[in-house]
Amino acid sequence: MSFKIKTPAGQTVERQLYLVFGNYGTAEAPQWGALGKRVEDSAAEMDWGEETKQDILGDTYTTMKKPVISQTFDPCELDSGDEYQQYIWNLAMVDQNAAELCNQDLLRVHLYAVDEDGNAFAERFRSCMVKPTSLGGPGGGTLTMPIDITFGGERVKGTAAVDMTAKSVTFTPATTGGEN
């Protein structure tokens, strides 16, 4: 799999071209809801677990592991039109189902990076933690439920087609080399 950033040289990539979706359907028939509605700033943090050592000869070496990727969505104002948010709210507030919150199916879509056919790069992780961190907000304001996520489980690479107007997301796993 090979992808290229699709903007013209010298033009920066728009932030809305990196999206995260949560599955509120089933594994076989996913229904993807975008995370981050009304969130002004959110970035995936990558912890590579680097370790630097100096040997007895004075030479320095560094190693890294595959990254642990986490992301925060804050303030995440509650909205009845956000199906995935409602799904997570029920798991957290009604059921307090920690096990299910640690077993979420998430899809990272990089709409700015496309293959030779124009398909966007995507990664599906089926054992992610989606953790609401609070519920509240300032008086006179809106009710918020900030969410921290950690991508986990098997990473399946592929492509995605996204139509935000139709609320349609289709993930296609890579046929070769698609696994981690």
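The values are calculated or read from the model by the stated rules, or taken from the named source; none is laboratory data. Keep in mind that this is a model prediction, so the values were computed, not measured. Cβ placement follows ideal geometry from the backbone for every residue including glycine, while neighbour counts extend to all protein chains displayed. These area figures cover heavy atoms from the full protein model, side chains too; ligands, DNA and RNA do not enter into them. Shrake-Rupley method; radii C 1.70, N 1.55, O 1.52, S 1.80 Å.
The share of C-alpha pairs in region 96-180 whose separation exceeds 19 Å stands at 53 percent.
For the chain, the number of Lys pairs with C-alpha atoms closer than 19 Å, counting only pairs eight or more positions apart or on separate chains, is 8.
For the options 88, 147, 56, a Gaussian network treatment of the chain with springs between C-alpha atoms closer than 10 Å singles out 56 as fluctuating the most. Applied to region 35-52, the Karplus parametrisation 6.51 cos²θ - 1.76 cosθ + 1.60 on θ = phi - 60° returns per-residue 3J(HN,Hα) values of 8, x, 4, 6, 8, 7, 8, 7, 9, 6, 8, 10, 9, 7, x, 6, 9, 10 Hz, with x for Gly and Pro. Between the C-alpha center of region 104-180 and that of region 1-31 there is a gap of 8 Å.
Please identify every one of the GluC sites (Glu not before Pro) in region 29-104 that sits in a loop by DSSP and has no more than 10 other beta carbons within 10 Å of its own beta carbon.
Sparse-neighbourhood loop GluC sites (Glu not before Pro): 40, 50.
With helices as the sole contributors, the chain gives -1500 deg cm²/dmol at 222 nm; each DSSP H run of n ≥ 4 counts as -39500 (n - 2.57), and the sum is divided by every residue. Evaluated with a Cβ-only charge set (Lys, Arg +1; Asp, Glu -1), the chain carries a dipole of roughly 180 debye about its Cα centre, given to the nearest 20.
Shape class for region 23-69, computed from the alpha carbon gyration tensor (a ≥ b ≥ c): oblate, with a/c not under 1.5 and a/b at or below b/c.
Of the heavy-atom accessible surface of the chain (probe 1.4 angstrom), what whole percent is carbon and sulfur? The C+S portion of the solvent-accessible surface of the chain is 50 percent.
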